[in-house]
């Protein structure tokens, strides 16, 4: 090969390798239809002469007009071919918005007409165009504490007919705990600042939070631009969904601005509900992901155990049944006593700390809805003289776990139990005999106990 040919080959290799590097860092899949905007059909109410005091609405005033409109709130990602959508709970939990015009003393109020959400899709797969309203999605499960929500597309918004297709384009989930520091992340969503079209930003993976003021421990940190409306959207690493953009640090605080992303593994409990209660074919979350040292969520050590409480006679769900799960090497009464002991000493510690920070006994009484005398008794407790039992210490470390739930209107319950652990299931309900059964939790992320029958008197 002559010198000129070598130079040409070298330049071609540089071009190709440069293109491959660029393509590898590109975080936008070829099909952008899974990245959807979410909103509500809302009642828009116009009021005259409202009464406002201390920045609060005392009275809406005179209703001048009312009409139905549409209101976009945030973003979501389709995560399986059946039309499951992952978003933030706070996007779904929109209750009302009030806009007050002080000079004219008029008020506008926006209230959802239904708890089903509107789904806007990039139907022609063009991210430069505005998404169009295509579907209605029904909420299946959520976790308010972890700010995650699972919806399912159920209806065509244009025809009002049920959607039965099983071929939605979707994004696969990825491991949020296998990202190298300073790797590239892509953020996709519909922030209000970006208008109505899909906005794509990028930034670096900066680690996980611990003790951060603006985010839950274990959140993913990034310097990628995130704004209002990005909530519930997509954080991608190598074209896999690894998290949900959820929060940002306050611009008014000094220092670098961060965006915070909730790992997809935090949706495991909500996905377990979708699977056990509704029979959905949920996307896979690997046990290897959740057992990572970087995962601080309960999924690291626990399995979500779910089931349905039914009447043995009528074979119908029992709503409101009290379901308790505990380790069986102590009785239920003993475990409940341990729980009360730890809760009491925790309350003593918290109230004494609040008092030392300057709050009065009256302030604390109002905050906790107890009497001033009860507060004073707690403040008089000498924590240094308290002798905590060995069992209570073990309970505080989780060795004698104790969980309780009330079955919903479908008789369904779900609790978190340590993996591969023997446990007792106790069920009680007025008019029914108490039930006690023993089980062993599995080594997976969720476990379906099926139908548990209780007998009426």
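The values are calculated or read from the model by the stated rules, or taken from the named source; none is laboratory data. Predicted model only: the values in this text are computed from it and were never measured. No Cβ is skipped: glycine too gets one built from the backbone with ideal geometry, and neighbour counts run over all protein chains shown.
For the range 134-143, the set of residues classified as more than 23 Å from residue 289 (Cβ to Cβ) and touching a residue at least 40 places away in the same chain (Cβ under 8 Å) consists of 135, 137, 139, listed by residue number.
With respect to residue 128, is the statement that it is in contact (Cβ under 8 Å) with a residue 40 or more places away in the chain and part of a loop (DSSP other than H, G, I, E, B) true? Answer is yes for this residue. Listed by position, the helices (runs of 4 or more DSSP H) enclosed by the range 332-424 that each have at least 2 residues that are under 28 Å from residue 142 (Cβ atoms) are 332-356, 361-368.
Here is the figure for the range 74-123: residues that are surrounded by fewer than 22 Cβ atoms within 10 Å (Cβ to Cβ) and out of contact with any strand residue (DSSP E or B) (no Cβ under 9 Å at 6 or more places or on another chain) total 2. Yes or no: residue 298 within 28 Å of residue 219 (Cβ to Cβ), outside the structural domain of residue 149 (by TED's automatic domain parsing), surrounded by 16 or more Cβ atoms within 10 Å (Cβ to Cβ) and at pLDDT 95 or above? The answer is no for residue 298. Considering only the range 393-418, state which residues are more than 23 Å from residue 337 (Cβ to Cβ), surrounded by fewer than 18 Cβ atoms within 10 Å (Cβ to Cβ) and in contact with a strand residue (DSSP E or B) (Cβ under 6 Å, 6 or more places away or on another chain). Hit for the range 393-418 is 410, nothing else. Within the range 46-67, identify whether any single residue is within 23 Å of residue 134 (Cα to Cα) and either part of a strand (DSSP E or B) or at pLDDT 95 or above (or both), and answer yes or no. Looking for residues that are within 23 Å of residue 134 (Cα to Cα) and either part of a strand (DSSP E or B) or at pLDDT 95 or above (or both), one finds at least one in the range 46-67, hence yes. Total residues in the range 396-413 satisfying the condition of being modelled with pLDDT of 85 or more and more than 17 Å from residue 440 (Cβ to Cβ): the figure is 11. Filtered by the rule that a residue be farther than 15 Å from residue 343 by Cα, free of Cβ contacts under 8 Å to residues at least 24 places away in the same chain and more than 36 Å from the chain's Cα centre (by Cα), the range 375-392 gives 376, 377, 380, 382, 384, 385.
For every residue, the table says whether it meets (1) out of contact with any strand residue (DSSP E or B) (no Cβ under 9 Å at 6 or more places or on another chain); (2) buried (at least 16 other Cβ atoms within 10 Å of the Cβ); (3) free of Cβ contacts under 8 Å to residues at least 24 places away in the same chain; (4) under 19 Å from residue 415 (Cα atoms).
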residue: 319; (1), (2), (3), (4): no, no, no, yes
residue: 335; (1), (2), (3), (4): no, yes, no, yes
residue: 347; (1), (2), (3), (4): yes, no, no, no
residue: 350; (1), (2), (3), (4): yes, no, yes, no
residue: 355; (1), (2), (3), (4): yes, yes, no, no
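When residue 447 is tested against the conditions (1) more than 17 Å from residue 317 (Cα to Cα); (2) surrounded by fewer than 17 Cβ atoms within 10 Å (Cβ to Cβ), the lone failure is (2).
For the range 427-444, a residue qualifies if it is in a strand (DSSP E or B) and buried (at least 17 other Cβ atoms within 10 Å of the Cβ), and the qualifying residues are 427, 432, 435, 439.
Checked against the criterion of being within 17 Å of residue 29 (Cβ to Cβ), at pLDDT 90 or above and either crowded, with 21+ Cβ neighbours inside 10 Å or outside the structural domain of residue 92 (by TED's automatic domain parsing) (or both), the candidates 217, 184 yield just one match: 184.
Of the residues making up the range 161-175, none is surrounded by 14 or more Cβ atoms within 10 Å (Cβ to Cβ), assigned by TED's automatic domain parsing to the domain that holds residue 83, touching a helix residue (DSSP H, G or I) at 6+ places or on another chain (Cβ under 6 Å) and in a loop (DSSP other than H, G, I, E, B).
Inside the range 192-207, residues that are crowded, with 21+ Cβ neighbours inside 10 Å and in contact (Cβ under 8 Å) with a residue 40 or more places away in the chain make up a count of 1.
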